[in-house]
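K.L.:
This is the structure I have questions about; it appears just below.
The values are calculated or read from the model by the stated rules, or taken from the named source; none is laboratory data. Just so we're clear, the structure is a prediction, and the values are computed from it rather than from any experiment. In this analysis, Cβ positions are derived from the backbone assuming ideal geometry, glycine residues included, and neighbour counts consider all displayed protein chains. Just so you know, the surface numbers come from the protein's heavy atoms only, side chains and all, with ligands and any DNA or RNA stripped out. Shrake-Rupley method; radii C 1.70, N 1.55, O 1.52, S 1.80 Å.
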Amino acid sequence: LSDHDLPERPVAITFDDGYQDNLVHAKPILESFRIPATVFVTTGFLDNSAEVWSDELARLILLSREDPFRLLPLLALGVDKDLRFEASDKGWHAWEPPGNLRQWVYRTLYDRLLYAGDQARTEAIERVKSWCGEEPGREERAAFLTSSELTELASSPWIEIGAHSATHPVLAHLDPSLQRFEVATSKHILEKRTGKTVCSFAYPYGKKNHFNPDTIRALQSAGFQCGCANYGRLVTKKTSRWILPRYQILNWQGDVLANEMSRWYRA
């Protein structure tokens with residue numbers, strides 16, 4: 001937008017968190033089609049063999065075959081007797097209304113742990129592990145980039161590395177000094193490891209209540225040029241560069257993706 005040199009109906013491609021599949025799968029495809037993309041990396045996830053808590057929670061609850069009703073007392077969860085579920089055969093996404101008790105338990109616990117401290121999260125997940133017994137889906141655990149893999153990814157002329165905070169917190173729930181630390185630390189670490197200037201930032205979680213004016217000031221103070229959110233809307237001339245909306249792409253076939261993109265531009 002600043003260059004005033006964009007093609008008709010331009011698209012910017014981004015990836016969040018810094019998963020290893022950005023290097024293994026996305027990079028070769030992007031390079032083969034000569035398509036640029038930005039990968040927003042959470043520096044605390046680098047060289048980390050552990051799962052991020054949200055991935056682990058989803059795997060343990062949603063892939064388990066254990067009765068979710070037995071999990072309720074372990075987590076002190078009470079279900080409203082008037083709550084009704086509309087089960088569906090289609091794939092479920094966590095932002096949709098839950099179609100069964102298992103999905104409701106996951107969604108409810110996720111919302112609770114999003115704003116909890118590390119100890120509370122660890123204790124809750126340990127209770128979930130005791131409920132599910134043998135952990136489901138261990139072979140499907142998503143890996144994060146290592147430092148050397150980050151360097152390899154950043155070496156591509158088609159890949160821009162952006163920052164996604166140091167520890168992936170809800171920034172709006174931190175005081176301004178901690179927000180500045182999260183923002184500046186991630187920028188410093190990424191620039192040191194890639195040897196390139198990092199000028200783009202994506203807010204962790206990215207909904208409107210997950211960042212605030214203090215967050216934007218932290219980005220500006222650290223020398224970033226823009227901030228990306230996580231809710232669907234077109235970018236226009238009136239859009240603030242500090243609150244750039246993004247559409248989330250699901251596991252669609254190409255024709256479905258094309259139809260969705262056309263619908264967004266018509267909106």
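K.L.:
With the crude spin-label approximation of a point 7 Å out along Cα→Cβ, what separation in nm comes out for LYS237 versus VAL256?
P.N.:
3.6
K.L.:
While we're looking at this one, here's another question. Let's test the formula: R0 of 45 Å, r as the Cβ-Cβ distance of LYS192 and ASN100. What FRET efficiency results, to the nearest 0.05? Present the calculation step by step, with values, prior to reporting the outcome.
P.N.:
Details: r = 47 Å, r/R0 = 1.04.
Result of the calculation: an efficiency of 0.45.
K.L.:
Pull up all non-local amide H partners of GLU160: gap of 5 or more, or a different chain, and H-to-H distance under 5 Å with H placed in the peptide plane.
P.N.:
Amide H neighbours of GLU160: ALA37, THR38, VAL39.
K.L.:
Beyond 26 Å between alpha-carbons counts as too far, so tell me which of LYS129/LYS208; LYS196/LYS237; LYS27/LYS238; LYS27/LYS187 fall in that bin.
P.N.:
LYS129/LYS208; LYS196/LYS237; LYS27/LYS238
K.L.:
Still on this structure, I have one more. Over region 1-144, with every protein chain in place, what whole percent of the accessible area is carbon and sulfur at 1.4 Å, could you tell me?
P.N.:
Result for region 1-144: 50 percent of the exposed heavy-atom area is carbon or sulfur.
K.L.:
Given the chain, what percent of its DSSP beta bridges are antiparallel, to the nearest 5? Please report the intermediate quantities before stating the final value.
P.N.:
On the way: 1 of 16 bridges.
Roughly 5 percent of the DSSP beta bridges within the chain come out antiparallel.
K.L.:
Now a separate question. Residues of region 166-210 with amide nitrogen under 17 Å from the 7 Å Cα-to-Cβ point of ASP118?
P.N.:
Zone members listed by number: 166-171, 174-175, 178-179, 181-183, 185-186.
K.L.:
In region 166-230, how does Rg compare with the Kirkwood Rh, expressed as the Rg/Rh ratio over alpha carbon atoms? If you can, show how the numbers build up before the last one.
P.N.:
Details: Rg = 10.9 Å, Rh = 11.6 Å.
Dividing the radius of gyration by the Kirkwood radius yields 0.94.
K.L.:
Which value in nm describes the separation of the simple spin-label points at GLN248 and ASP214, placed 7 Å from the Cα toward the beta carbon?
P.N.:
Between GLN248 and ASP214, the simple spin-label model gives 2.6 nm.
K.L.:
5 Å is the cut-off here: which amide hydrogens, built 1.01 Å from N in the peptide plane, fall below it relative to LEU244, excluding neighbours closer than 5 in sequence?
P.N.:
Under 5 Å from the amide H of LEU244: GLY227, CYS228, ALA229.
K.L.:
Per residue, how much accessible area does the chain have with a 1.4 Å probe, in Å²?
P.N.:
For the chain, the solvent-accessible area averages 58 Å² per residue.
K.L.:
Same structure again: Given a 10 angstrom Cα cut-off, can you work out which residue in ASN209, ASN230, ASN48 is the most mobile in a GNM of the chain?
P.N.:
Per the Cα network of the chain with a 10 Å cutoff, ASN209 tops the list.
K.L.:
Also, quick follow-up: Calculate, in nm to one decimal, what PHE69 and ARG138 gain on full extension: separation in residues at 0.36 nm each, minus their alpha carbon distance.
P.N.:
That works out to 22.6 nm of additional length.
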